[in-house]
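Single-structure report; data block below.
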Amino acid sequence: MRLVILCLCFSASLTQAQVDSAFFRKVFNEALENGQAYARLGELCKTIGSRLSGSPQAEKAVAWGKQMLSTYGFDSVYLQPVMVPRWERSKTESLVFSSTIFNAAIKGEKLQDYNCEAFEELPLKPAKQHRIPAVALGGSVGTKGKLQAGIVSVHSDAQMDSLGKAGALKGKMVLLNRPFPETYLNTFKAYGACVGQRVNGASKAAAYGAVAVLVRSMSNRCDLHAHTGVMIYDDKQPKIPAMAVATAVANLLDKLIQQDPGLQLTMQLGCQTLPDAPSANVVAETRGSKYPKSIIAFGGHFDSWDQGEGAHDDGAGCMHAFEALRLLKSIGYQPRHTLRCVWWMNEENGLRGATEYAAVAGKTNEKHVAALESDRGGFTPRGFGVDSAFLPKALKYKALLDANGIGEIEKGGGGADIGPIRKINPNAVLVGFIPDSQRYFDVHHSETDVFESVNKRELHLGAAAVAVMIVILDQELD
Ligand SMILES: [Zn+2]
């Protein structure tokens, strides 16, 4: 009842919004009662699915996005063309091991039923061939037929160096098996501690004569889903194929290597890099009433990896931005600056969309006063990382943010897609949206990043959080 009275007391004029508790309520109520983000994300995930840069699905998504945004009556909706790299997975990729001691009841789809603990209890019996849940890393070369080799597991860079210098990696597949540090509260920090082995591990191993690498999936979870992601070759080393293996399999392989030193693996990968392809960033705007030529840009990346549906990464971030623009329009908020929702293309394997976006803004002398990125999934919002220069202004709203569960304000904004804006507008305030991090790497870049893994209320709360931060930026900046 009290809520109703508060809403009735709220002033109708939102041109010079007072960013107070009544305003916060209005934004959150609109998101929770009438939010559109979840339904639109469902359309994107279920009618199009994954959106690897340059793929036919990515282009379908661009057309869908422009059409969908056009139905909401924003001041303008347009595409910004950009050429993107195109890497393609082959349908026939596989990784198989034959062990003289391991028998599994782990065949075909059945494998997906086993969790980590079940693996540990599996009886070790005489052998057959076993297919491993593994996927090529993005950017990997193919194997040109079947590649068979023995395997060595390493758990640190130092161990790789000492084994490599001793000649133990020559002619081998190397399993890069450093797990996420479990004690890190923020899983993005754990990712940061391990992702180097995925990005640069192949060339490091190739320098010691390795013929391929298997990389432990970047996840806290112990399961049978392989998580892909970008890898980059050092041009000075031979290019060797690289696959991600599920965490439970990485643990199993460690065990098997100890018990069966003759363990052989056979890899077959037909992935390839094709010529660059045309694509686009998708943009929607509400024009500013006081500073129409000054921009507050906010968004996520529209491309995804080809596993799953790119629901959390980063369909959710794109929908946060769209929904924030929609709900501010819906409650009648008239921004001082131009509010621009941007779905950047090609964050995952090239950053071409973000680079082109900043280049165009530079050429046209656009002034960005702020930019906000959401690329940490559609989980319960916690707060924001903000530039230190803007921190005192953001902290003025701490009590209001706290009251809505989004008061974790950290120093340090930014994100991959908004980083290039700094180069053209050094004073632009960069902000990163921070949701709860505990489940993100369960699904990140894997077949489980699907619409069903997104919670409607969490997604809409995130959009409301993004919207109120946009209004804070709009009101506090000139
Ligand atoms: Zn992402």
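Every read-out reported here was derived from the displayed coordinates using simple, explicitly stated rules and does not represent laboratory data. Worth saying up front: this structure is predicted, and the values here are computed from it rather than measured. Please note: Cβ atoms are built from the backbone with ideal geometry, for glycine as well, and neighbour counts cover all protein chains shown.
Based only on Cα atoms, what Rg/Rh ratio does the range 201-345 have, Rh being taken as Kirkwood's radius?
Taking Rh as the inverse mean 1/r over Cα pairs, Rg/Rh reads 1.17.
Diffusion of the chain by Stokes-Einstein, at 20 °C in a medium of 1.002 mPa s and with Rh set to the Kirkwood radius over alpha-carbon pairs, works out to 91 µm²/s. Across every pair of non-identical alpha carbons in the range 13-68, the mean reciprocal distance, once inverted, gives a Kirkwood radius of 13.8 Å. Summary of the geometry: the range 58-90 and the range 400-463, compared by the centres of their Cα atoms, lie 21 Å apart. Placing +1 on the Cβ of each Lys and Arg and -1 on the Cβ of each Asp and Glu in the chain, which of 404, 362, 425 has its Cα farthest towards the positive end of the resulting dipole? My answer, from the dipole projection, is 362.
Judged by the ratio a/c of the largest to the smallest principal axis of the C-alpha gyration tensor, the range 367-477 counts as oblate, that ratio being 1.5 or greater while a/b is no larger than b/c.
Helix 247-259 and the longest principal axis of the C-alpha atoms of the chain enclose an angle of approximately 20°.
Other residues within the sphere of radius under 9 Å centred on the Cβ of residue 358, judged by their own Cβ, net out at +1 (K and R +1, D and E -1).
Compute the angle between helix 56-70 and the longest alpha-carbon principal axis of the chain, please, reported from 0 to 90 degrees and rounded to the nearest 10. That helix lies at roughly 10 degrees to the long axis.
Close amide H partners of residue 434, meaning residues 5 or more places away or on another chain with modelled amide H under 5 Å apart, are 382, 383, 384, 385.
Computed 3J(HN,Hα) for the range 20-32, one whole-Hz value per residue from the Karplus formula 6.51 cos²θ - 1.76 cosθ + 1.60 where θ = phi - 60°, is 10, 5, 5, 5, 4, 4, 4, 5, 5, 4, 4, 5, 6, glycine and proline marked x. Placing +1 on the Cβ of every Lys and Arg and -1 on the Cβ of every Asp and Glu, with no other charges, gives the chain a dipole of roughly 560 debye about its Cα centre. Among 82, 56, 283, which residue has its Cα furthest toward the positive end of the charge dipole of the chain, with +1 on Lys/Arg Cβ and -1 on Asp/Glu Cβ? Going by the Cα projections, it comes out as 82. Taking amide H atoms as placed 1.01 Å from N in the peptide plane, the amide H of residue 264 lies under 5 Å from those of 98, each 5 or more residues away in sequence or on another chain. Using a cut-off of 25 Å between Cα atoms, the listed pairs 26/393; 170/236; 293/329; 290/393; 91/165 include 91/165 as exceeding that distance. Charge dipole of the range 241-312 (Cα centre as origin; +1 on each Lys and Arg Cβ, -1 on each Asp and Glu Cβ, all else neutral): 480 debye, rounded to the nearest 20. Estimated at 0.36 nm per residue, the fully extended path between residue 162 and residue 402 surpasses their Cα-Cα distance by 81.4 nm. Here the Karplus relation 6.51 cos²θ - 1.76 cosθ + 1.60, evaluated at θ = phi - 60°, turns the backbone of the range 305-322 into coupling constants of 6, 8, 8, x, 10, x, 6, 6, 10, 10, x, 4, x, 5, 6, 3, 5, 4 Hz, with x for every Gly and Pro.
Calculated mean residue ellipticity at 222 nm for the chain: -10000 deg cm²/dmol, from DSSP H runs with n ≥ 4 weighted as -39500 (n - 2.57), summed, divided by the residue count and rounded to 500.
For the pair residue 98 and residue 239, what calculated FRET efficiency results from E = 1/(1 + (r/R0)^6), where r is the Cβ-Cβ distance and R0 = 25 Å, to the nearest 0.05? E between residue 239 and residue 98, to the nearest 0.05, is 0.40.
If both residues of a DSSP beta bridge must be in the chain, then about 50% of such bridges are antiparallel.
About the centre of its Cα atoms, the range 326-478 shows a dipole size close to 600 debye [charges on the beta carbon of Lys, Arg (+1) and Asp, Glu (-1) only; nearest 20 debye].
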